[in-house]
Amino acid sequence: MVTRLSVFNSPLLLGFDQFERVLDRVAKSSAEGYPPYNIEQIGENGLRITLAVAGFSDDDLAVTTEDNQLVIRGRQTRDDADRVFLHRGIATRQWQRSFVLAEGIVVKGAWLDNGLLNIDLERPMPEPKVCQIKIETKGAGADGRKAARTIEMKPDGRD
């Protein structure tokens with residue numbers, strides 16, 4: 001058995017254990033080769049995923065988000081039992097393609113056009129947040145009460 005060394009096991013990286021699971025999921029889904037797809041930047045905060053789904057209608061396709069994952073499924077419901085193929089090179093098998101989404105990515109819409117399924121995504125720009133943490137001194141001060149002070153952090157991390 002091969003032991004895998006995690007990049008995220010540093011004591012300075014707190015709460016990043018989920019990223020290792022995401023990377024495993026991405027590695028598994030990258031082995032999928034069908035259907036082919038493009039990812040393009042549209043605007044400053046927009047992305048478009050385009051999948052080649054020739055032969056699939058909008059009723060044959062499903063686009064969902066599941067636990068920060070965009071999942072696209074294709075399944076043709078037509079019955080070809082009455083057709084005789086001399087050659088069958090157009091794939092009609094059931095398939096699934098998944099994309100892991102970063103926190104905050106929003107699916108804006110999906111549409112089918114000339115055999116291409118387009119899915120638009122948007123990454124809203126987060127507002128910088130400043131959070132004040134109250135620091136309490138344990139034990140009694142000179143007057144017998146607990147003393148407290150507040151430190152305000154600037155967005156660049158300096159106080």
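The values are calculated or read from the model by the stated rules, or taken from the named source; none is laboratory data. The model shown is predicted, which means the values in this text are computed figures rather than measured ones. Please note: Cβ atoms are built from the backbone with ideal geometry, for glycine as well, and neighbour counts cover all protein chains shown. These accessible areas exclude ligands, DNA and RNA; they are computed on the full protein's heavy atoms, side chains included. Shrake-Rupley method; radii C 1.70, N 1.55, O 1.52, S 1.80 Å.
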Heavy-atom accessible area order for Arg78, Arg97, largest first, 1.4 Å probe: Arg78, Arg97
Need one number: nm distance between label points at Glu136 and Arg48, each 7 Å from Cα along Cα→Cβ, rounded to one decimal. 5.5 nm
Quick one: putting +1 on the C-beta of Lys and Arg, -1 on the C-beta of Asp and Glu, what dipole do you get for region 59-108 around its Cα centre, in Debye to the nearest 20? 220 debye
Give the peptides 112-119, 67-74 in descending order of average Cβ contacts within 10 Å, highest first. 67-74, 112-119
Spin-label point model (7 Å from Cα, Cβ direction): what's the Asn118 to Arg88 distance in nm? 3.3 nm
Averaged over every viewing direction, what's the projected area of the C-alpha convex hull for region 34-80? Give it in nm², one decimal, please. 4.4 nm²
